[in-house]
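Have a look at the structure below, then the notes.
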Amino acid sequence: MSEKQKLIIGISGASGAIYGIRLLEACRNLEIETHLVISKAAEITIHHELKMKISDVKALSDTAYKAADIGAAIASGSFRNCGMVIAPCSIRTMSEIATGTTSSLLTRAADVALKERRRLVLMLRETPLHSGHLRNLTALSDMGAIIAPPVPAFYTHPQSIDDIINHSVSRTLDLLQIDNDLTKRWTGLGTN
């Protein structure tokens, strides 16, 4: 019997908590085991943007950890998983990871993903960016992180905000080599 795929999902305080929540929902449907860590700032954002209880968000995961629990399983390289996504990823979180200053479980788990050469996808949700941000993003890319801001695609002819969110989450799952059908895929222009 093969072991269930495990994915670490982090939600930081940037706007766009729906991306992390939709990722949790998608993984549940795909039978991917999820390990969740939510920053303190994300708890505020989730309440403000989505009017959700944190307990309801945590219930979407298989295991939820406190941001201060630096002794959690996901803080160790021996915890087997297919990678980590931070959705959304704030500039503060990105900067901590880029500099190796891991002050919470969220950034510690990301640092572990990098050192173990596992996939780390950062759905950066900030704009505009100054050159300090760009230098940190370049450093992260050089370390192996994938910088994947949730940028909407319009070739899919989205009909709702859900369509736009699903497209970004689908592309993120693709980066982790997790098959999904959350969105229409490009098949070419064709010749009709």
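Can you tell me which residue in the range 56-84 is farthest from S15 (Cα to Cα), limited to those that are in contact with a strand residue (DSSP E or B) (Cβ under 9 Å, 6 or more places away or on another chain) and among the hydroxyl-bearing types (S, T, Y)? Show your work before the answer.
Initial filter on the range 56-84 (in contact with a strand residue (DSSP E or B) (Cβ under 9 Å, 6 or more places away or on another chain)): 57-58, 60-67, 69, 72-75, 79-84.
Then drop every residue that is not among the hydroxyl-bearing types (S, T, Y), which leaves 61, 63, 65.
Numbers: S61: 20, T63: 23, Y65: 21 Å.
Step by step, filter the range 56-84, then rank; the result is T63.
Per-residue answers, yes or no, for (1) among the acidic types (D, E); (2) under 23 Å from E31 (Cα atoms):
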position	(1), (2)
E49	yes, no
K53	no, no
A64	no, yes
A109	no, yes
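Kindly indicate the residue of the range 72-90 that is outside any loop (DSSP other than H, G, I, E, B) and in contact (Cβ under 8 Å) with a residue 60 or more places away in the chain and also surrounded by the fewest Cβ atoms within 10 Å (Cβ to Cβ) among those meeting that condition.
I74
Suppose the filter is of a type outside the set (G, A, S), farther than 18 Å from G13 by Cα and touching a residue at least 60 places away in the same chain (Cβ under 8 Å); does N136 pass it?
Values: of a type outside the set (G, A, S): yes; farther than 18 Å from G13 by Cα: yes; touching a residue at least 60 places away in the same chain (Cβ under 8 Å): no.
When the stated conditions are applied, N136 does not pass them.
Go through the range 144-169 and give me each residue that's free of Cβ contacts under 8 Å to residues at least 24 places away in the same chain, surrounded by 15 or more Cβ atoms within 10 Å (Cβ to Cβ) and among the small types (G, A, S).
The one that is free of Cβ contacts under 8 Å to residues at least 24 places away in the same chain, surrounded by 15 or more Cβ atoms within 10 Å (Cβ to Cβ) and among the small types (G, A, S): A153.
If I ask for residues that are buried (at least 20 other Cβ atoms within 10 Å of the Cβ) and of a type in the set (S, T, Y), which ones from the range 1-51 would you list?
Correct list: S12, Y19, T34, S39, T45.
Residue by residue through the range 55-71, note down the ones that are under 21 Å from E116 (Cα atoms) and free of Cβ contacts under 8 Å to residues at least 12 places away in the same chain.
G71
What tally of residues in the range 131-178 results from selecting those that are in a loop (DSSP other than H, G, I, E, B), of a type in the set (A, V, I, L, M, F, W, C) and over 23 Å from D111 (Cβ atoms)?
The total comes to 3.
What single numbered condition from (1) polar (S, T, N, Q); (2) out of contact with any strand residue (DSSP E or B) (no Cβ under 7 Å at 6 or more places or on another chain); (3) buried (at least 18 other Cβ atoms within 10 Å of the Cβ) fails to hold for Q177?
Only one criterion is unmet by Q177, namely (3).
Could you tell me whether S141 is of a type in the set (S, T, N, Q), surrounded by 13 or more Cβ atoms within 10 Å (Cβ to Cβ) and modelled with pLDDT of 95 or more?
yes
Would you check if R118 is touching a residue at least 40 places away in the same chain (Cβ under 8 Å), surrounded by fewer than 21 Cβ atoms within 10 Å (Cβ to Cβ) and under 24 Å from A26 (Cα atoms)?
So R118 fails the test.
What are the residue pairs meeting all of these: first residue in the range 1-29, first residue farther than 25 Å from S104 by Cβ, second residue assigned to a strand (DSSP E or B), Cβ atoms under 8 Å, and 6 or more apart or on different chains?
That search, which allows pairs on different chains as well, returns K4/E33.
The values are calculated or read from the model by the stated rules, or taken from the named source; none is laboratory data. Since we're looking at a predicted model, the values are computed, not measured. All Cβ positions, glycine included, derive from the backbone under ideal geometry; neighbour counts span all protein chains shown.
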